[in-house]
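**Student:** Take a look at the following structure, please.
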Amino acid sequence: MGLVQDTLEIVWKRNPGEREFLQAVTEVLTSVEPVIERYKKYRDGKILARIVEPERQVMFRVPWVDDKGEIQVNRGFRIQFNSAIGPYKGGLRFHPTVCASILKFLGFEQVFKNSLTTLPMGGGKGGADFNVHGKSDNEVMRFCQSFMTELFRHIGPDTDVPAGDIGVGGREIGYLYGQYKRLRNEFTGVLTGKGLGWGGSLIRPEATGYGAVYFSQEMLKTRNESFAGKVCTVSGSGNVAQYTIEKLNQLGAKAVSVSDSNGTVHDPDGINPEKLAYLMDLKNVRRGRIKEYAEKYKVKYLDGQRPWGIQCDCAFPSATENEISGEDAKTLLDNGCILVAEGANMPTEPAGIRQFLAKKIHYGPGKAANAGGVATSGLEMCQNSMRLAWTREEVDQRLQRIMVTIHKVSSEAAAEYGQPHNLEMGANIAGFVKVADAMLDQGLV
Ligand code: NDP
Ligand code: 2IT
């Protein structure tokens, strides 16, 4: 048996039942197998066995009191996966499905994604099985304060810098930051995605969605095409989906869908800037359901469905993991889809990825296509360290340059290993090599 297979078996035994984690590890290790075969130094240094084991995992009780005065208890986590190239960096997810497997898959992906950004950031992820839906602002605040009361001792601007993810946006980062500051009596760049008036970076809210579209522009350029007139489906209706649609509109494409965990809206005329403003108010301020959009604009609501049955040129999965099944992938391909860019982390099941690669459509894997978010978090850390703030244009240009570079290094690595169209392989290899070399340089850690 090969080294990759042996390592996967150890991972499976050591992390029983952690399906998402094993899925992510299998994908990366399979991609980097030719690198391991080519270079003895990675085999001798036992890089595979080391890289699949988080450096540290913290799991903790989060007690808080709801508006009725009742005590609630949630479970909090921080997975500090790899610090070979910089402090741990990665988001916090608040969602009822949060568990070790999901956060370990996200933390593992983050290691290679952060490596691709060109910035010095290690990988981590955290969160809690807390459902923000239906909670009052005060309940969310009390939860965030309790969560940070444990988390603060494990993080710091040079140790571990969390940010947002599903269920954690500007509101939550504000409450978390306030509590960190009280506990430490320090005003530092310990979190990213902060408010613009207190250390946040311009373009950070937009960055993941904008970055996914910039990355996709690079893919389209290889066939001498642009976004003008392209019909795009988008899933999700949160941070990533919203700014993906904003950038698609700016580039002359037509975004025809959004979704949430209840269903999908199909708006064939396109979600224009006015409708997007409504969507942002609905989701970010009123915190309502996507169905209301369909009612307001009298368009089709596909109850309980995802957007992948809608004809499109380009698809932007921007909700959650495993939201494109093998069957969905087939439908997308049968309907003429030529590009899939993953705004979400691991949204395509392995059977779907295999089909995208076999058909040689433009497939931008999450760790490359959605790296603009964490890259701009890195730019926020940089501005915080320098105690200055760049303009919108400056940050946007840096983001664009980073996305172009990620596309370039991923394409080059894919070509070097004989599969020039395969950005999944290229992104995994390019991200891996930098981290693996840093681990070798730093001795047995
Ligand atoms: P938000 O919380 O802002 O939005 C999440 C959206 O996805 C909501 O519309 C939500 O619907 C939907 N969703 C969440 N879980 C599910 C589910 N199980 N089934 C169906 N729909 C679901 O999160 P973000 O936009 O920040 O994150 C979206 C994705 O992008 C995630 O995979 C995240 O890891 C990834 N990502 C985010 C980055 C960021 O900077 N924010 C950076 C890189 C990747 P509902 O309201 O019904 O829950
Ligand atoms: O998955 C991700 O890259 C994020 N949720 C953003 C992480 C960050 O630190 O900005």
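**Student:** Just one of (1) out of contact with any Pro (no Cβ under 7 Å at 6 or more places or on another chain); (2) more than 13 Å from ligand 1 (Cβ to nearest atom) trips up ASN249, so point out which.
**Tutor:** Checking ASN249 against (1) out of contact with any Pro (no Cβ under 7 Å at 6 or more places or on another chain); (2) more than 13 Å from ligand 1 (Cβ to nearest atom), the one that fails is (1).
**Student:** So, one more: THR97 passes all but one of (1) without any contact (Cβ under 8 Å) to a residue 60 or more places away in the chain; (2) of a type in the set (Ser, Thr, Tyr); (3) in contact with a Gly (Cβ under 6 Å, 6 or more places away or on another chain); which number fails?
**Tutor:** (3)
**Student:** So which of GLY170, GLY178 is at pLDDT 95 or above and either within 16 Å of ligand 2 (Cβ to nearest atom) or closer than 20 Å to PRO96 by Cα (or both)?
**Tutor:** Only one candidate passes the filter, namely GLY170.
**Student:** Follow-up question, since we're still on this one. Checking the conditions here, which among THR320, THR331 is within 19 Å of ARG93 (Cβ to Cβ), out of contact with any strand residue (DSSP E or B) (no Cβ under 8 Å at 6 or more places or on another chain) and surrounded by fewer than 22 Cβ atoms within 10 Å (Cβ to Cβ)?
**Tutor:** Going through THR320, THR331 in turn, the sole match is THR320.
**Student:** Answer yes or no as to whether MET59 is of a type outside the set (Val, Ile, Thr) and at pLDDT below 95.
**Tutor:** no
**Student:** So GLN217 fits all but one of (1) under 23 Å from the mean Cα position of the chain (by Cα); (2) on the phi > 0 side of the Ramachandran plot; (3) polar (S, T, N, Q); what number is the exception?
**Tutor:** (2)
**Student:** Can you tell me which residue in segment 79-130 is surrounded by the most Cβ atoms within 10 Å (Cβ to Cβ), limited to those that are small (Gly, Ala, Ser), more than 13 Å from ligand 1 (Cβ to nearest atom) and over 20 Å from ASP441 (Cβ atoms)?
**Tutor:** GLY124
**Student:** In segment 131-169, what residues are β-branched (Val, Ile, Thr) and away from ligand 1 (no atom under 16 Å from the Cβ)? Spell out the reasoning first.
**Tutor:** In the first step, residues of segment 131-169 are kept if they are β-branched (Val, Ile, Thr); the result is 132, 140, 149, 155, 159, 161, 166, 168.
Of everything in segment 131-169, those that are β-branched (Val, Ile, Thr) and away from ligand 1 (no atom under 16 Å from the Cβ) turn out to be THR149, ILE155, THR159.
**Student:** Would segment 221-233 turn up any residue that is in a helix (DSSP H, G or I) and more than 14 Å from the chain's Cα centre (by Cα)? It would help to see each step written out before you state the result.
**Tutor:** Quick first cut of segment 221-233, residues in a helix (DSSP H, G or I) only: 221.
Then drop every residue that is not more than 14 Å from the chain's Cα centre (by Cα), which leaves 221.
Yes: one or more hits.
**Student:** Tell me, please, whether a residue that is at pLDDT 95 or above, crowded, with 24+ Cβ neighbours inside 10 Å and more than 19 Å from VAL213 (Cβ to Cβ) can be found in segment 382-403.
**Tutor:** No, because not a single residue in segment 382-403 is at pLDDT 95 or above, crowded, with 24+ Cβ neighbours inside 10 Å and more than 19 Å from VAL213 (Cβ to Cβ).
**Student:** Need at least 1 residues that are in contact with a strand residue (DSSP E or B) (Cβ under 7 Å, 6 or more places away or on another chain) and among the polar types (S, T, N, Q) per element, so show me which strands (runs of 3 or more DSSP E) inside segment 70-181 make the cut, counting only ones lying wholly within it.
**Tutor:** Hits in segment 70-181: 71-82.
The values are calculated or read from the model by the stated rules, or taken from the named source; none is laboratory data. Bear in mind that the values here come from a model prediction, so they are computed numbers and not experimental data. FYI the Cβ positions are ideal-geometry reconstructions off the backbone, even for glycines, and counts take in every protein chain you see.
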